[in-house]
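A short write-up of the structure that comes next.
The values are calculated or read from the model by the stated rules, or taken from the named source; none is laboratory data. Note that the coordinates shown come from a computational prediction; the quantities given were computed from them, not determined experimentally. Please note: Cβ atoms are built from the backbone with ideal geometry, for glycine as well, and neighbour counts cover all protein chains shown.
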Amino acid sequence: MSDFNSLERLNQKTTALRQELGKVVVGQNTVVEQLLIALLSKGHALLTGVPGLAKTLMVSSLARVLKLSFKRIQFTPDLMPSDITGTEVLQEDPTTRQRTFRFIQGPVFANILLADEINRTPPKTQAALLEAMQERKVTVAGADHLLPKPFFVLATQNPIEQEGTYPLPEAQLDRFLLMVRVGYPTDAEEAEIMRRPPPDTSTLSPLLDQAELEELQELVRGIAVSDTVLDFARRITRLSRPGTPEAADYAARLIQWGAGPRASTSLIAAARARAALHGRAHATPEDIEAIAQPVLRHRILPSYNAQGEGLDADSLITRLIQSAKTRLPAALAK
């Protein structure tokens, strides 16, 4: 199959997915695209937004239109690591009376795991997801248990509440390919939400199975990335690192901690997926620029000076992009 035909098939599949999701989710086109980018890149996504913006609905609906197993965990302060990974139980054979341990799988053993309100559980339990997200396996009582393929963690969190929440540590945040910000609907979208009956995900039809998804993921892996695009992505991340020779002149004052090498590879992976979604067989600097904020906003920590000037991570990323553009050929820097 030619690249054109493969990309056309990907476009048909993702368009059908968007239309199916549109039956229950109004608007949020950018959020849906970023979720598709995470899936096609084999990455995890963290959705942040105030309550009532359909974060959980979007994830559960996406799982419904994919022919994949799905589990949901409601994170609470009393949740234990074994409630996520599973545990070994002692069983006795009724005939021989011999006792053996048997591993009972936890909800993490699913293709798509919705970690709902992940910042409501203590760090010990949050850390139970670290190995699963990075290694695609869990270790219990010294034995490794492989997770099903594909495996995605799509987590949600409420960024405005402080009582009863536990901010995710940087080590776990770095496991997420994207931090997706879910904003308020437009006036017209909110009017449409009010007119519709309560959403019912059972009306959604599965459109993509595991084999088809893996085929599309392999197609995305083959998207070409030029040296110019690689240099643009690398320049953005290296400009963000205060105390290094290549840091931007404002990095030491405005950035407390810059993006690491995983950010550079994540930019390329996400740019490949975005290029494929837009029907192109090659990534461009535009793809890097479009995906930079969700890839980097949880990997760059603004300093107190930046916060005092009203600059958040997104503002700093925009500034880093503009600085990196000065290194691009003139024809690509526009």
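Sort out which residues of the range 222-264 are aliphatic (A, V, I, L, M), part of a helix (DSSP H, G or I) and either under 22 Å from H282 (Cα atoms) or touching a residue at least 40 places away in the same chain (Cβ under 8 Å) (or both), and write them in order of number.
V229, L230, A233, I236, L239, L254, A263
Residue check: Q134 meets all listed conditions (1) under 28 Å from L40 (Cα atoms); (2) touching a helix residue (DSSP H, G or I) at 6+ places or on another chain (Cβ under 9 Å) but one, namely (2). Looking at the range 164-221, the helices (runs of 4 or more DSSP H) lying wholly inside it that each contain 3 or more residues that are within 23 Å of the chain's Cα centre (by Cα) and among the charged types (D, E, K, R) sit at 210-221.
Residue count for the range 10-23, restricted to those that are without any contact (Cβ under 8 Å) to a residue 40 or more places away in the chain and either over 21 Å from K67 (Cβ atoms) or in a helix (DSSP H, G or I) (or both): 4. Residue check: V153 meets all listed conditions (1) at pLDDT below 80; (2) closer than 21 Å to T121 by Cβ but one, namely (1).
Any residue at all in the range 296-307 that is in a helix (DSSP H, G or I), among the hydrophobic types (A, V, I, L, M, F, W, C) and modelled with pLDDT of 90 or more? Yes - at least one qualifying residue is present in the range 296-307. With respect to being in contact with a Gly (Cβ under 6 Å, 6 or more places away or on another chain) and among the polar types (S, T, N, Q), T85 fits the description. Across the range 129-151, the qualifying residues are those that are farther than 15 Å from D174 by Cα and not in a loop (DSSP other than H, G, I, E, B), and the one among them that is farthest from the chain's Cα centre (by Cα) is A143. Does the range 314-330 contain any residue that is touching a strand residue (DSSP E or B) at 6+ places or on another chain (Cβ under 8 Å), of a type outside the set (V, I, T), outside any helix (DSSP H, G or I) and modelled with pLDDT of 90 or more? Taking every residue of the range 314-330 in turn, none turns out to be touching a strand residue (DSSP E or B) at 6+ places or on another chain (Cβ under 8 Å), of a type outside the set (V, I, T), outside any helix (DSSP H, G or I) and modelled with pLDDT of 90 or more.
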